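The structure appears below as structure tokens.
The values are calculated or read from the model by the stated rules, or taken from the named source; none is laboratory data. Because the structure is a prediction, the values reported are computed rather than measured. Positions of Cβ are generated from backbone atoms using ideal geometry, with glycine treated the same way; all protein chains shown enter the neighbour counts.
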Amino acid sequence: MITQVQKPVLEVHDLTVSYGRNPVLWNIDFTLPKGSLAGIIGPNGAGKSSLIKAIMGLLEINNGYIKVFDQGLNEVRKKISYVPQRESVDWDFPASALDIVQMGTYHKLGLFRRPGKAEKALALDCLKKVGMEKYRDRQISELSGGQQQRVFIARALAQQAEIYFMDEPFAGVDISTENMIVDLLKDMTAEGKTVIVVHHDIHSAPKYFDWIIMLNMYLVASGPTEKVLTEALLEKTFGGKLSLLSDAAQLIKEKGFNPLKS
Amino acid sequence: MTFDVNAFLIILTGTLIAISCGLLGSFLILRNMAMIGDAISHAVLPGIVLAFFFSGQREGIAIIIGAGLLGILATIIIDYLSNKVKLQNDASIGVTFTWLFAIGIILITVFAGQIDLDQDCVLYGEIAYIPLDLIVTENNTILGPRVLWIAVINVILVLLYVGFMYKELKLTSFDRQFAQTIGFSTSFINLSLMGMVSYTTVSSFEAVGAILVLALLVVPPATAYLLTKKLKPMLLLTILIGFLTSLIGYYLAYFIDGSIAGAMASVSGLFLLVAIVYVTLQKRTSRKPIAMPTELKA
């Protein structure tokens, strides 16, 4: 169940990626329409993060190609933003929230130029959009996990890109941060930007995304949420694990089991 | 105390070298690469020997270039071992520098009959001799100690390097992947830093000796890291600690009549100890309950 689109913003063609001898992605082939808020879902080890890393040029590609706005990555880097997993950096780094967000303006400055007033104003504006303006001078290790994630999102906003790739932005954040980020992403796509999110929670996926990419080393499905989010395809993606989970949920409902009481 | 020219020259040279080493070392510790200074300082030996063999001079630009090239080669080997062969990073460092150092030793013994060079003059300088080795022009004007001039050139180049590359060094130290996605050449930035570290260690070895150089690369930046929360204050504090280390270290050596480089390195260690005590005490006093932050509602 793979829906291809005309004039895609992102085209992944026949992509194969491996770590050493172990393949992590096989013949991935899909296209994305402009303005979509797409979720990449799949079980652990399905290659979700590897897929966006490969698109961002962080992993070596064995086969296939990737086009963004019908061009190669190097021609359109300024239009692309990447939000890595929060755990991928050392948050003890001596920098304030504002410092980190300003890094989102570096790509426009070129070699040797430092961020000036305009860049600082932009960074502050982006901090405000994620509700973090009070913490502009706070050292990043003194922020909570959710606040750190907001700083990462603000840095991506400061890039003023057209297409955003986010690796597990909802991992380890509280519900208010999650809701805030989702609202922000919906605003962005309403403005015509395209957002691709690696997501691990199938239950919230239909609420958040209008396009779903299902992955389990190979591409199971890619298309509008209402078309692809079927039980058959979910089972194909997650194997038997999913039904096991829903069985357990069913059982808990029937017996009125409450772990807080018993 | 009257003004002592020799003391002034030694402290000044020590401070300049502390600044060069400290600024580069700050970025090394932020990249979890503090031990690479150790590695590079040993790995440059074959480069020094070969440069000496071809140029016939024991100091000068050839030695610096030879050392710089070997430093970069060492970085490339370490990178290859840890990223492509998937050896642990510290194992890669350990393998690379011992191997290159061993080759350097072999080269020295092979050429031993032909050249006047031994490990001592490569690895151990003596800061106390600084005022004795002067540059004298043809018409007998004294331009000051040779080693001081070498340190001045070094510190100027390091300041220019860090000044121009500040944004690049900061971003690649914090988030290498992100830097790569916005088109920064992270491997070039890394190699340029390693090249500067090689040049600085070799340029400073002759003046102050290996132990002090390695101490100045790591200890003042680590102290400043504990005491500050932002990169710029960390760099400035590193410079200040470097100056104080040189100053207090000199007078400590003077009063105990001991090795100046040893005293300076020990003083830098004491600064770190003071910083640890300060930070620990501060944590203890700030553990009292604080008011509920109002932002929690947001």
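Data table
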| quantity | calculated |
| --- | --- |
| Filter result for residue A:158 (at pLDDT below 95 and surrounded by fewer than 23 Cβ atoms within 10 Å (Cβ to Cβ)) | no |
| Residue in the stretch B:244-264 that is in contact with a strand residue (DSSP E or B) (Cβ under 9 Å, 6 or more places away or on another chain) and either in a loop (DSSP other than H, G, I, E, B) or touching a residue at least 12 places away in the same chain (Cβ under 8 Å) (or both) present | no |
| Filtered residues of the stretch B:29-52 (kept if crowded, with 24+ Cβ neighbours inside 10 Å and within 26 Å of residue B:176 (Cα to Cα)) | B:36, B:37, B:39, B:40, B:41, B:43 |
| Single residue of B:189, B:211 found to be in contact with a helix residue (DSSP H, G or I) (Cβ under 7 Å, 6 or more places away or on another chain), surrounded by fewer than 21 Cβ atoms within 10 Å (Cβ to Cβ) and either of a type in the set (Asp, Glu) or at pLDDT below 85 (or both) | B:211 |
| Candidates B:219, B:197, B:202, B:213, filtered to the one that is farther than 11 Å from residue B:24 by Cα and touching a Leu at 6+ places or on another chain (Cβ under 8 Å) | B:219 |
| Residue in the stretch B:5-21 that is on the phi > 0 side of the Ramachandran plot and more than 13 Å from the chain's Cα centre (by Cα) present | no |
| Members of the stretch B:228-243 that are within 14 Å of chain A (Cβ to nearest Cβ), crowded, with 18+ Cβ neighbours inside 10 Å and part of a helix (DSSP H, G or I) | B:231, B:234, B:235, B:237, B:238 |
| Within the stretch B:179-204, considering residues that are of a type in the set (A, V, I, L, M, F, W, C) and not in a helix (DSSP H, G or I), the one farthest from the other protein chains (Cβ to nearest Cβ) | B:184 |
| Tally of residues being over 19 Å from the mean Cα position of the chain (by Cα) and either farther than 21 Å from residue A:81 by Cβ or more than 8 Å from chain A (Cβ to nearest Cβ) (or both) across the stretch B:165-178 | 2 |
| Some residue of the stretch A:14-26 being of a type in the set (D, E, K, R), loosely packed, with under 14 Cβ neighbours inside 10 Å, away from every other protein chain (no Cβ under 12 Å) and in contact with a strand residue (DSSP E or B) (Cβ under 7 Å, 6 or more places away or on another chain) | yes |
| Helices (runs of 4 or more DSSP H) contained entirely in the stretch A:53-167, each with at least 2 residues that are more than 8 Å from chain B (Cβ to nearest Cβ) | A:73-76, A:97-102, A:117-129, A:145-158 |
| Residue in the stretch A:30-45 that is within 23 Å of residue A:181 (Cα to Cα), buried (at least 18 other Cβ atoms within 10 Å of the Cβ) and free of Cβ contacts under 8 Å to residues at least 12 places away in the same chain present | no |
| Meets criteria (within 20 Å of residue A:88 (Cβ to Cβ) and in contact with a His (Cβ under 8 Å, 6 or more places away or on another chain)) for residue A:159 | yes |
| Condition met for residue A:186 (within 14 Å of chain B (Cβ to nearest Cβ), over 22 Å from residue A:44 (Cα atoms) and of a type in the set (D, E, K, R)) | no |
| Flag if residue A:186 is assigned to a helix (DSSP H, G or I), assigned by TED's automatic domain parsing to the domain that holds residue A:151, more than 16 Å from residue A:10 (Cβ to Cβ) and in contact (Cβ under 8 Å) with a residue 40 or more places away in the chain | yes |
| Residue in the stretch A:5-54 that is farthest from the chain's Cα centre (by Cα), counting only those that are hydroxyl-bearing (Ser, Thr, Tyr) and under 17 Å from residue A:237 (Cβ atoms) | A:50 |
| Number of positions in the stretch B:135-151 that are aliphatic (A, V, I, L, M) and either within 26 Å of residue A:100 (Cβ to Cβ) or surrounded by 15 or more Cβ atoms within 10 Å (Cβ to Cβ) (or both) | 4 |
